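Single-structure report; data block below.
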Amino acid sequence: MCNKALYHVDAAKRHGSDEAALIEALEVAVEMGGGPAIMYAGKALEAFRAL
């Protein structure tokens, strides 16, 4: 995962976002970004769970 995406996932967690909020944001990203966003959404969720 690129540093920019990891930065945002880490910041979301530090500011109190839970997994449900992240998933909701990822759903919007996938809806707006299409196929490429699906790949990054999975990586973002994996990083969030690892933090």
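Specify the angular offset, from 0 to 90 degrees and rounded to the nearest 10, of the alpha carbon long axis of helix 35-50 from the longest principal axis of the alpha carbons in the chain. Tilt relative to the chain: about 20 degrees.
Note down the magnitude of the dipole of the chain about its Cα centre, charges +1 on Lys and Arg C-beta and -1 on Asp and Glu C-beta and zero elsewhere, to the nearest 20 debye. Don't skip to the answer; put the middle values down first.
Values: 5 positive and 7 negative charges, 53 e Å.
That gives a dipole near 260 debye.
If R0 equals 25 Å, the separation of the Cβ atoms of Ala5 and Glu31 corresponds to a calculated FRET efficiency of about 0.90. With the convex hull of the Cα atoms taken as the outline of the chain, the averaged projected area works out to 3.1 nm².
Using Cα-Cα distances under 8 Å and only pairs 6 or more residues apart, what relative contact order does the chain have, in percent?
Numbers: 24 pairs, mean separation 27.9, N = 51.
About 55 percent, as a whole number.
Carbon-plus-sulfur fraction of the accessible area of the chain, 1.4 Å probe, in percent?
Numbers: 2280 of 3760 Å².
Percent of accessible area from carbon and sulfur atoms in the chain: 61.
For the chain, the longest principal axis of the C-alpha atoms and the axis of helix 19-33 are separated by about 30°.
The values are calculated or read from the model by the stated rules, or taken from the named source; none is laboratory data. These figures come from a predicted structure and were not determined experimentally. Note: ideal-geometry Cβ built from the backbone for every residue, glycine included; neighbour counts use all protein chains shown. Please note that ligands, DNA and RNA were not included when accessible areas were found on the heavy atoms of the full protein model with its side chains. Shrake-Rupley method; radii C 1.70, N 1.55, O 1.52, S 1.80 Å.
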